[in-house]
Amino acid sequence: MSKLKDKIVNHAKTEYNSSPHRFDDAQIQLIIEHDCECDHCGKSIFELDDFPDVSVERKEVLCEECYDEEYRTTCPICEESWEIDEMTDYFFISKTNSKEVGKSPGIYKVLKRPFYYGNCLTGFDAFFDDAIQKVSDIDIEKAYSILHPRLNKENITLDCMCPHCAEKYLRKDNFIRADSLYCILQEKQRNQIFADYSDERIHRLRQDMIHRRITFRGLLQLHNK
Ligand SMILES: [Zn+2]
Ligand SMILES: [Zn+2]
């Protein structure tokens with residue numbers, strides 16, 4: 001028993017990608033009870049690239065991949081990986097999937113779950129009455145193409161977005177902080193492409209773009225008041 005314990009302790013100290021790692025005694029006990037294997041895929045904890053997630057509370061030993069599959073999800077907007085419990089209750093309906101789901105494009109808040117029904121063939125049938133509420137008219141495809149001119153965002157799923165995206169797309173004040181880039185006014189461009197523009201002209205141009213709602217900030221100001 002204690003030989004195996006030493007082996008686990010030493011392995012965690014040096015052999016994982018993010019070593020040194022330390023399991024506490026209860027975790028080591030659990031690992032031993034679970035035959036030093038991932039509960040889902042059965043891989044030995046001594047063959048993993050990184051240390052397993054050992055939850056004494058849930059009595060679970062999971063390798064990184066199985067943990068991700070079980071407890072993590074990807075934000076449909078920024079595509080970052082998040083813990084499922086960290087996700088917000090807000091999701092986008094894009095212009096593309098608006099017709100299909102019978103709701104106008106915008107950001108919706110989930111008021112109660114489940115908020116839609118469907119079956120395994122169609123995936124989605126319809127939203128439950130009163131389960132969702134629209135909170136913004138912002139068009140995600142337009143917003144996304146302004147923020148990422150070179151990327152194409154297609155097939156946005158109805159999955160809820162992460163806290164970072166919710167903060168970004170639901171901003172109701174301090175619009176100036178919405179976008180870290182000045183639209184056409186990055187310093188490099190200012191000094192090259194727009195070198196012959198006066199500061200005054202640049203200022204007016206920026207105002208005009210905000211006014212015409214063709215910047216991200218403009219979109220937020222238009223839709224999130
Ligand atoms: Zn596994
Ligand atoms: Zn996100």
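The values are calculated or read from the model by the stated rules, or taken from the named source; none is laboratory data. On a predicted model such as this, the values are computed, not experimentally measured, just so you know. All Cβ positions, even for glycine, are placed from backbone atoms using ideal geometry, and neighbour counts span all protein chains on display. Only protein heavy atoms, including side chains, enter the accessible area calculation; ligands, DNA and RNA are left aside. Shrake-Rupley method; radii C 1.70, N 1.55, O 1.52, S 1.80 Å.
Count the net charge of all other residues whose Cβ sits under 14 Å from the Cβ of Phe124, scoring Lys and Arg as +1 and Asp and Glu as -1.
Its environment carries a net charge of -1.
What percentages, rounded to whole numbers, describe P(r) for the chain computed over all alpha carbon pairs with 5 Å bin width beginning at zero?
The percentages, shortest bin first, are 1, 6, 11, 13, 12, 10, 9, 9, 10, 9, 6, 4, 2, 1, 0, 0.
Under a Cβ-only charge scheme (Lys and Arg +1, Asp and Glu -1), can you give me the dipole magnitude of region 75-169 about the Cα centre, in debye to the nearest 20?
Working: 11 positive and 16 negative charges, 77 e Å.
Taking the Cα centre of region 75-169 as origin, the dipole is about 360 debye.
Using the Karplus curve 6.51 cos²θ - 1.76 cosθ + 1.60 with θ = phi - 60°, what ³J(HN,Hα) values do you get for each residue of region 90-98, in whole Hz, with x for Gly and Pro?
These are the phi-based 3J(HN,Hα) values: 10, 9, 9, 10, 7, 4, 4, 9, 4 Hz.
If you plug each phi of region 106-113 into the Karplus form 6.51 cos²θ - 1.76 cosθ + 1.60 with θ = phi - 60°, what whole-Hz ³J(HN,Hα) values come out, in order, with x for Gly and Pro?
Working through the residues one at a time gives x, 9, 10, 10, 7, 9, 8, 10 Hz.
How much mean residue ellipticity at 222 nm does the chain get from its helices, if each DSSP H run of length 4 or more adds -39500 (n - 2.57) and you divide by all residues, to the nearest 500 deg cm²/dmol?
Numbers: 9 runs with 78 residues, N = 225.
Helix-only estimate at 222 nm: -9500 deg cm²/dmol.
Quick one: of Lys109/Lys225; Lys13/Lys59; Lys153/Lys188; Lys99/Lys168, which pairs are farther than 20 Å apart, Cα to Cα? Intermediate results must be reported in sequence, preceding the final value.
Details: Lys109/Lys225 16 Å; Lys13/Lys59 23 Å; Lys153/Lys188 27 Å; Lys99/Lys168 25 Å.
Over 20 Å Cα-Cα: Lys13/Lys59; Lys153/Lys188; Lys99/Lys168.
Any idea of the accessible area per residue across the chain, 1.4 Å probe, to the nearest Å²?
Numbers: 14430 Å² over 225 residues.
Result: 64 Å² of accessible area for each residue.
Just to verify a number: what accessible area does Leu147 come out at with the full protein assembly present, 1.4 Å probe, Å² rounded to tens?
40
Rg to Rh for region 2-69: what is it, with Cα atoms only and Rh by Kirkwood? Walk me through the numbers before you get to the answer.
On the way: Rg = 10.7 Å, Rh = 11.6 Å.
Value, to two decimals: 0.92.
Under a 5 Å amide H to amide H cut-off, with H placed in plane at 1.01 Å, what residues pair with Glu60 once short-range neighbours are removed?
Under 5 Å from the amide H of Glu60 lie the amide H atoms of Ser55, each far enough along the sequence or on another chain.
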